[in-house]
Amino acid sequence: MINVLFAARSERWDTYEAPLRAAFAKAGLDVDLRTEFAPEEVDYIVYAPNSEVQDFTPYTRCKAVLNLWAGVEAITGNKTLTQPLARMVDPGLTNGMVEWVTGHTLRHHLGMDRHITGQTGEWVVTTPPLARERRVTILGIGALGASCAHALTGLGFPVTGWSRSPKDVDGITCLHGDDGLKQALETADILILLLPDTPATQNVINAEALSRMPKGAFIINPGRGPLIDDEALIAALDSGQIAHATLDVFRVEPLPADHPFWAHPKVTVTPHIAAETRPETASEVIAENIQRGEAGQPFLNLVDRARGY
Ligand code: NAP
């Protein structure tokens, strides 16, 4: 019997219990899944960083902590966590992110707001460029960024991706390093942020970076709030350097009522809804990782805690 502790907010248990049990059964795993165990009896922890479990010291036989979230910045610094940590790479979450990013990219590309909200009674005809004439840059071409890149190249957008390590992704111009970032920003008519929040990525979009982008560019941030210097972004929106920013993530969430983003006419705020982990597909990923742990195979999607993602 494999003892699996579900450590997340209590309302999540209702959402995940049935899909997890189904996925374990499908994988042929003999699992005792519960929200409470004596810590020394736990083999795996299915985990959300906002759960009550913050001290991993007593989980002496735990083989892995399997995160339900793609972002791990809230747990990588936890010194009591010495067990392997896997982050969530969930096909359902990825689908959601591709749809959200594609939708918001098309909104800005087509200038949809002009026609939907500009109901002035005037028959104003504007012709948007074709996708092939609008350059998209994605910072972060990991699980989510690469999938979004493929969807956007499929629509005809020329896509440039930027990552920490050199990459070769079919159909995308791949750049890395400081010079690569400069080049990636210079061609970013639409900039999409899909980097993790780490010490190396914070404020990557600062005043200098914003000034490198083409005038009138758009920013879409479903990555993490600290990637952007908020004050520099507001200044760039006010000056017209940036035409609009669609932001799903913020330094403080929920976004405080008095934050200038709420009232800014060139900012769209969405409440961290770009992509949610989907219980059915995520449960299968968790079951696969437990299967691998039991078979002595390497875990999928392991976090490098020194790097922070
Ligand atoms: P991932 O697979 O780990 O990919 C991260 C990408 O960022 C990789 O390409 C990585 O480069 C690059 N990167 C990391 N540090 C960098 C640095 N210092 N300089 C340049 N590139 C760097 O992560 P993912 O699954 O795609 O998720 C990305 C982020 O999306 C998550 O961390 C989370 O913050 C966010 N997210 C948001 C939502 C939402 O609802 N808004 C939902 C899920 C996830 P390498 O390829 O070289 O490693």
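Scanning the stretch 234-288 for residues that are charged (D, E, K, R) and over 15 Å from residue 193 (Cβ atoms) yields 238, 253, 258, 266, 276, 278, 280, 284, 288.
Among the strands (runs of 3 or more DSSP E) confined to the stretch 154-205, the ones with at least 1 residues that are free of Cβ contacts under 8 Å to residues at least 40 places away in the same chain and more than 11 Å from the ligand (Cβ to nearest atom) are located at 159-163, 173-176.
Scanning the stretch 246-303 for residues that are away from the ligand (no atom under 16 Å from the Cβ), of a type in the set (Asp, Glu) and not in a helix (DSSP H, G or I) yields a count of 1. Could you tell me whether the stretch 128-140 includes any residue that is within 19 Å of the chain's Cα centre (by Cα), part of a loop (DSSP other than H, G, I, E, B) and either without any contact (Cβ under 8 Å) to a residue 12 or more places away in the chain or crowded, with 22+ Cβ neighbours inside 10 Å (or both)? Scanning the stretch 128-140 turns up at least one residue that is within 19 Å of the chain's Cα centre (by Cα), part of a loop (DSSP other than H, G, I, E, B) and either without any contact (Cβ under 8 Å) to a residue 12 or more places away in the chain or crowded, with 22+ Cβ neighbours inside 10 Å (or both). Considered as a group, the residues in the stretch 192-227 that are charged (D, E, K, R) and under 11 Å from the mean Cα position of the chain (by Cα) include one that is nearest to residue 148 (Cα to Cα), and that residue is 224. Listed here are the strands (runs of 3 or more DSSP E) enclosed by the stretch 1-108 that have at least 1 residues being surrounded by 22 or more Cβ atoms within 10 Å (Cβ to Cβ): 2-7, 44-47, 64-67.
If you go through the stretch 237-252 and pick out every residue that is open to solvent by less than 90 Å² (accessible area, probe 1.4 Å), within 24 Å of residue 102 (Cα to Cα) and free of Cβ contacts under 8 Å to residues at least 60 places away in the same chain, you end up with 8.
Hey, any hits in the stretch 279-302 for a residue that's open to solvent by 60 Å² or more (accessible area, probe 1.4 Å) and modelled with pLDDT under 95? Within the stretch 279-302 (the criterion being open to solvent by 60 Å² or more (accessible area, probe 1.4 Å) and modelled with pLDDT under 95), the answer is no, since none of the residues qualifies.
For the stretch 96-127, the tally of residues that are within 16 Å of the ligand (Cβ to nearest atom) and in contact (Cβ under 8 Å) with a residue 40 or more places away in the chain stands at 8.
The values are calculated or read from the model by the stated rules, or taken from the named source; none is laboratory data. All of these numbers come straight from a predicted model, not from anything done at the bench. Methodologically, a virtual Cβ is constructed for each residue, glycine included, from the backbone with ideal geometry; neighbour enumeration extends over all protein chains shown. The accessibility values were calculated without ligands, DNA or RNA, using every heavy atom of the protein model including side chains. Shrake-Rupley method; radii C 1.70, N 1.55, O 1.52, S 1.80 Å.
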